[in-house]
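Below you'll find the structure, written out as structure tokens, and then a few comments.
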Amino acid sequence: VSEHVAARAKPWLAKKKVDVRLVGAGVTVDLAALSALGRELGATVQPLATGEALPRRLEQLAASLRMPVVRSPSLELPSSMTYVFPRKLPNLVVGEEVRVYGQLAAPEDGKPTLGRLSGELAAAPWELVSEVAWGAGAERQAAIDPRLWAAARIAALVASGGPSAKKAIIELSKRFHV
């Protein structure tokens, strides 16, 4: 559905140079569908409910309307990070936090490597390079992270809808209790 809406709206929005910002509000909002529409339109998508007090959240949303947007962002991580989700990042308001989950194939204990976030900012190439460091010790890991990663992987499998997805979804949900 989002592809059809975007196909009709995108040419007009581009012609008028409209900066689209979507806000997901309400208990029944489908953030996955809204995010897909946002990606198709080149829009940002932010949820209204984040656990903060509503007046504070409304202030944040209003302030974000004055902030520039990193469009078509991509994230380059060390090769030891596999199964990274989300696979495709949404457009990001500068300063917006985004959570990315992945599986660490072989920790390079104590060896910092670089992560690179790139995209387009104000119609020009943009990039942020940051050091990524991790370790095998318990102090460097959170107990909830594997479950969050599994939930993100399951969401990607559901979206792909392939025939082998069902088996993988069941295995992941049993293994990680999600």
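The values are calculated or read from the model by the stated rules, or taken from the named source; none is laboratory data. In this text the structure is predicted, and so the values were computed from the model without any measurement. Using ideal geometry, Cβ is built from the backbone for each residue, glycine included, and neighbour counts are taken over all protein chains shown. Heads up: the accessible areas ignore ligands, DNA and RNA and are worked out on the full protein's heavy atoms, side chains in. Shrake-Rupley method; radii C 1.70, N 1.55, O 1.52, S 1.80 Å.
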| field | the chain, dipole about Cα centre (Lys/Arg Cβ +1, Asp/Glu Cβ -1), debye to the nearest 20 | value | 640 debye
| message | Can you match Cα Rg over 2.2 N^0.38 Å to one of these, (1) 1.15; (2) 1.33; (3) 0.99, based on a calculation from the structure here? | response | (1)
| Hey, if you put +1 on the Cβ of every Lys and Arg and -1 on every Asp and Glu Cβ in the chain, which of GLY161, ASN91, GLY51 ends up farthest toward the positive end of that dipole? | GLY161
| query | Can you give the extra length, in nm with one decimal, that the chain gains between LEU128 and HIS4 once fully stretched, where that is 0.36 nm per residue apart less the Cα-Cα distance? | reply | 41.3 nm
| message | Please compute the modelled spin-label separation between ALA25 and LEU114, points set 7 Å along Cα→Cβ, answer in nm with one decimal. | response | 4.3 nm
| If the label point is 7 Å along Cα→Cβ of LEU61, which residues in the stretch 9-37 have backbone nitrogen under 12 Å from it? | 21-27
| With every protein chain kept in the model, how would you rank PHE176, PHE85 by accessible area, 1.4 Å probe, largest at the top? | PHE176, PHE85
| remark: With Cα springs under 10 Å, the Gaussian network model of the chain assigns the largest mean-square fluctuation among LEU31, LEU117, LEU128 to LEU128
| query | If SER74, SER79, SER2 are ordered by their accessible area, calculated over protein heavy atoms with a 1.4 Å probe, which sequence runs from highest to lowest? | reply | SER79, SER74, SER2
| request: Just the number, please: carbon plus sulfur as a percent of the accessible area of the stretch 1-135, 1.4 Å probe, no ligands or DNA/RNA counted. | output: 57 percent
| So who's got an amide H within less than 5 Å of the one on PHE85, skipping anything under 5 residues away but keeping other chains? H placed 1.01 Å off N, in plane. | TYR101, GLY102
| Under a GNM of the chain (C-alpha, springs under 10 Å), which listed residue has the highest mean-square fluctuation: ARG87, ARG56, ARG71? | ARG56
| message | Could you identify which residue out of VAL29, VAL45, VAL70 has the top mean-square fluctuation in a GNM of the chain using Cα springs shorter than 10 Å? | response | VAL29
| message | Taking loop as defined by DSSP and a crowding limit of 12 other beta carbons within 10 Å, which GluC sites (Glu not before Pro) in the stretch 11-115 fit? | response | GLU52, GLU97
| remark: With a ≥ b ≥ c from the Cα gyration tensor eigenvalues, square-rooted, and the rule rounded for a/c under 1.5, otherwise prolate when a/b > b/c and oblate otherwise, the stretch 15-75 is oblate
